[in-house]
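The values are calculated or read from the model by the stated rules, or taken from the named source; none is laboratory data. Remember, predicted model here, so these are calculated numbers, not experimental data. Here Cβ is always computed from backbone atoms with ideal geometry, including for glycine, and neighbour counts include all displayed protein chains. The protein model used for the area step is the full one, side chains on, heavy atoms only, and it has no ligands, DNA or RNA in it. Shrake-Rupley method; radii C 1.70, N 1.55, O 1.52, S 1.80 Å.
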Amino acid sequence: MTSDTEIDDLLLAVARSDRAAFRLLYDRVSPKLFGIALKICRDRTVAEDVLQEVFTDVWRKARNFDPRRGEAGAWLAVIARNRSVDALRRQGRGVMGATTGTEAEFDTAPDPSLSGDGGVEYLTLVDCLKRLDERQRDLILRAYYRGDSREDLARAFDTPVNTIKTWLRRGLMSLKKCLDE
């Protein structure tokens, strides 16, 4: 299993145009990033194209990564999510609609016991999500699991985008506090 520190170090090396570090970074994180793209795009070919765009962005923009502002894995996941949403919009498909059932979708995720930790992290995350109030949980799942944009969420909840941002931030802070326990 790759540590967060290793990913941070690899990305910093990529920022210095280290091609070997880029190859290693790709080997370490491409499965996760491809999973994000596939979950959002729901089309393997599109997800493969998105992954290529993600790593093109990583090569060009690695110097923008600041480890003091967050972990490289999260930075990379945001790039994958944003590129995936862009791909859907280019196709005119839009992001998954404002339907309900995000928790049911989360429950049908791939078997977490197949992960390196036997699913412990997944079960911890599910437990912490259940501790959030329903609105926070729904917002977080829609934004970070399904890939809905803040604008999509604002329409779905009939709420201004800035309020959605605040709700998401508060929900993520609560989730982080739970995960840190």
Area of Lys177 that stays accessible when all protein chains are in place (1.4 Å probe, Å², to 10): 140
Arg90/Glu181 FRET efficiency (R0 30 Å; Cβ-Cβ; nearest 0.05): 0.15
